[in-house]
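The values are calculated or read from the model by the stated rules, or taken from the named source; none is laboratory data. Bear in mind the structure is a predicted one, so any value in this text is a computation, not a measurement. Quick reminder, even Gly has a Cβ in these numbers, built from the backbone with ideal geometry, and neighbours come from all protein chains shown. When the accessible area is computed, the model is the full protein with side chains, heavy atoms only, and any ligands, DNA or RNA have been set aside. Shrake-Rupley method; radii C 1.70, N 1.55, O 1.52, S 1.80 Å.
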Amino acid sequence: RALAPGTFDRARRRLAEQRLHRDDAAAVDALNEAAAGTFAKLRSLALAQSQAADARPVASVRSAPTQNLVCTGGWSGAVKIWDASKCECIKSVKAHSDRCTGVSWAPDSSFIATCGADGEACVWDLKDDAPRARLRGHRARLGGVAVHPVGRHVAT
């Protein structure tokens, strides 16, 4: 019950906005021009810096919605928080005993959820090195994790 009002209200607003613009040729043309301009700028970008995020392959990367942070989860089981502007690791925890297969930020960037091939999902406060919660009982490895936009539920 706590999820439905916010979810349905957001969907209702998004659909109303889309309906307003679907038959507006000028709006469609403006959107297409903006997309073309963005793609043209992207083609001109060059790699200025690269960062090794883990000793083993990185399985998941997510940007924080409200902060200049990036979270990575690697096959080593490590989860790292990076300062995106400096490309510096500011926190690293051994989150899983097997590969970390997914990471997800809370909508307010206050915590992250992770999952792994060890069959566990964890919820991590950015201030602590131990998980706030471990979600055990899955029968097999977990392929992904997501925090609901309201921020009160985690799905695997």
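In this structure, does PRO57 turn out to be more than 20 Å from PHE111 (Cβ to Cβ) and not β-branched (Val, Ile, Thr)? Considered against the rule, which asks whether it is more than 20 Å from PHE111 (Cβ to Cβ) and not β-branched (Val, Ile, Thr), PRO57 comes out as yes. Of the strands (runs of 3 or more DSSP E) lying entirely inside the range 80-152, those carrying at least 1 residues that are open to solvent by less than 30 Å² (accessible area, probe 1.4 Å) are 88-94, 100-105, 111-116, 121-125.
Checked against (1) open to solvent by 50 Å² or more (accessible area, probe 1.4 Å); (2) touching a Phe, Trp or Tyr at 6+ places or on another chain (Cβ under 6 Å), ALA34 meets all criteria but (2).
Taking residues in the range 21-38 that are on the phi < 0 side of the Ramachandran plot, and partners anywhere that are open to solvent by 60 Å² or more (accessible area, probe 1.4 Å), the pairs with Cβ atoms closer than 6 Å and at least 6 places apart or on different chains are ALA27/HIS21.
Right, SER76: open to solvent by less than 50 Å² (accessible area, probe 1.4 Å), more than 19 Å from ASP128 (Cβ to Cβ) and either in a loop (DSSP other than H, G, I, E, B) or among the hydrophobic types (A, V, I, L, M, F, W, C) (or both) or not? Yes; evaluated as a whole, the condition is true for this residue. Filtering the range 11-31 to residues that are over 30 Å from VAL150 (Cα atoms) and open to solvent by 90 Å² or more (accessible area, probe 1.4 Å) leaves only ASP23.
The rows are residues; the columns are (1) touching an Asp or Glu at 6+ places or on another chain (Cβ under 8 Å); (2) modelled with pLDDT of 90 or more; (3) closer than 15 Å to ALA59 by Cβ; (4) aliphatic (A, V, I, L, M).
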site: ASP118; (1), (2), (3), (4): yes, yes, yes, no
site: ASP125; (1), (2), (3), (4): no, yes, no, no
site: ASP129; (1), (2), (3), (4): no, no, no, no
site: ARG132; (1), (2), (3), (4): yes, yes, no, no
site: ARG136; (1), (2), (3), (4): yes, yes, no, no
site: ALA140; (1), (2), (3), (4): no, yes, no, yes
site: GLY143; (1), (2), (3), (4): no, yes, yes, no
site: HIS153; (1), (2), (3), (4): no, yes, no, no
